Amino acid sequence: MEYTELADYPLPTGQLSTWEFTDDASQWSEDERSLSINHEDHLREVLRAKKNNAEQGLPSVSEDWIGGAFVIHQPLITDAFREALTTWFSRHEAYRTTAVANDHDEATTSFTRYTLGSTAVDVSRNDFGVYHDDQLLRHEIHRHFAQHVNGIGWPHVTVATIEPEASETEASQGEARESETAQADADHGHTPQEFTVIFAADHAVMDTYTQLFTIAELRELYAAAVDKREPTLPPAGSYVDFCAGERAVTESASARERAVEEWKEFLTTSADGHLAPPVFPLPIRSGAEAESATPADQHRAQHSISQWLLNEKDISELGKRAKANGGSTKSALLTALKLALTELSPVSSARYIMPMHTRHEPKYMLSAGWFVGLMPVDDPLNGASSFTEAFSDTVQATKRHRDLSVYPYAAVSDALHINEPPRFVISYVDTRFVPGAGTWGDHDRVLRSSVMSDDDIYIWLNRTGEGLNVSMRYPNNAQAEESIAAFLSRFAAIIHSVVTTGDYAAAVPVRA
């Protein structure tokens, strides 16, 4: 399982169709349940970006979504897939809710939530035609997602499918067959034996775990619709209910004071008390690039990469060594990351922001939504000259502020008057136990849209059933490319050394 941009996904060619979600307008009702702090902050950012684009004469639409792509190894039957999608929306209230701004001040506006009933959504199929060029097909999907996925305006989810063209043999078999399946798809003239599904959603209603379990969920919903049976899926709680509970956390004065104080300490960057999120410590712009930077640089698409660094045998060995030393695979990888950063840059601590899931109640484990909090990590080297010496500090550093993730970072930013978003973010996800993980193939993948930024560095460490995948996005310039290549090379060397020898000796003198 990889986490990449759609541009890096191996799209098949064939018949492109999109599936439009339509509402029964009479079933929208005002919903008193609060938006989460994250959702509200996200929508204000959407409004702010829309206003800025208008002022600069840029298009009002922007590509900003997350989603996935996977293969269903059955023929595409229109009515069955429509049923699967309507059941999907019925199952997740997050997909049937939206928010309307109460005024036009993007900085301070409040929002009113509206929600649809569970049976108020219908689905229609729109055929775009057959594409023989995968780049043209990719462009059409990019365009469709950019126009139909956003935080303001329902629906916040869209789906596309690609049916491969059948061979002459398959086509003749499809014409001769008189089965119910062939009759259902007679309008296509043939019945390919598989199809690709690509889905995209606004981040307000989808997080990484939603991306991952959606693959098995939609496969089961489709299989059940084809077989005319009830889907065998456990119940999923409502993200809308969760949002109201998350909002309540911020109303606790003691929780707010503690969260704000600890984040303030972490974000203080100088003796004068200036607050700013941590940044990647290696240079990401040359001196000349920094001097010539313009606001337009913020509208340059970032570069994206995905690499497999360890196979299953080696990542398992790394996990065993970590456990023997009182830690986990996650802490082993973050220790290696700390050593790589402190060897290659003039810092003595790895400082970054880490996303943490907030699905702490069982009823939300398979709920669609944005169950994500952030925690600060300040992992000091403390004079360590080897992996073994550095390991225990990393274990402690990644536990120290873990409970802060339940307090929304957007509320902290507001309290501290910080306008700058997180710049250096490291995420770790173990996908092995996600429902359906055992059936993922080479063409099953979670996706993200491209991002415009000349500052951000995001690293995703993905522990999968196949090994360790590292995905990154970073500024699209020569200096950043050089720094990222050096970092990945050193990071890979450290973890391979630990796997093969049990330790790693620092390659350069390190600072206490």
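The values are calculated or read from the model by the stated rules, or taken from the named source; none is laboratory data. Computed from a predicted structure; not experimentally measured. Note that we place each Cβ from the backbone using ideal geometry, even for glycine, and neighbour counts take in every protein chain shown. These area figures cover heavy atoms from the full protein model, side chains too; ligands, DNA and RNA do not enter into them. Shrake-Rupley method; radii C 1.70, N 1.55, O 1.52, S 1.80 Å.
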Would you be able to say whether some residue in the range 2-13 is more than 30 Å from Gly467 (Cα to Cα) and crowded, with 18+ Cβ neighbours inside 10 Å?
no
I'm trying to understand the selection: among the residues of the range 385-435, which are among the hydrophobic types (A, V, I, L, M, F, W, C) and open to solvent by 40 Å² or more (accessible area, probe 1.4 Å)?
Val406, Ala415, Phe433
Of all residues being aliphatic (A, V, I, L, M) and modelled with pLDDT of 90 or more in the range 238-266, which is surrounded by the fewest Cβ atoms within 10 Å (Cβ to Cβ)? Just the residue, please.
Val260
Determine, yes or no, whether Ile494 is crowded, with 17+ Cβ neighbours inside 10 Å, farther than 26 Å from Pro10 by Cα and not basic (Lys, Arg).
yes
Within the range 460-482, tally of residues that are touching a strand residue (DSSP E or B) at 6+ places or on another chain (Cβ under 8 Å) and either in a helix (DSSP H, G or I) or of a type outside the set (Ser, Thr, Tyr) (or both):
15
Count of residues meeting criterion [crowded, with 20+ Cβ neighbours inside 10 Å, in contact with a Lys or Arg (Cβ under 9 Å, 6 or more places away or on another chain) and free of Cβ contacts under 8 Å to residues at least 60 places away in the same chain] in the range 66-109:
1
Could you give every pair whose Cβ atoms fall below 7 Å, whose first residue belongs to the range 147-165 and is closer than 12 Å to Phe199 by Cβ, and whose second residue is part of a loop (DSSP other than H, G, I, E, B) and among the β-branched types (Val, Ile, Thr), counting only separations of at least 6 or pairs across chains?
His156/Val149; Thr158/Val149
For the range 113-142, how many residues meet the condition of being under 26 Å from the mean Cα position of the chain (by Cα) and touching a residue at least 40 places away in the same chain (Cβ under 8 Å)?
12
Scan of the range 68-87 for residues that are under 20 Å from Pro155 (Cα atoms), hydroxyl-bearing (Ser, Thr, Tyr) and out of contact with any Leu (no Cβ under 8 Å at 6 or more places or on another chain), ordered by number:
Thr86
Residues of the range 224-237 satisfying the condition of being open to solvent by 50 Å² or more (accessible area, probe 1.4 Å) and either in contact (Cβ under 8 Å) with a residue 12 or more places away in the chain or not in a loop (DSSP other than H, G, I, E, B) (or both):
Asp227, Thr232, Leu233, Pro234, Pro235
What number of residues within the range 436-449 are among the hydroxyl-bearing types (Ser, Thr, Tyr) and either buried (at least 20 other Cβ atoms within 10 Å of the Cβ) or in contact with a Cys (Cβ under 8 Å, 6 or more places away or on another chain) (or both)?
1
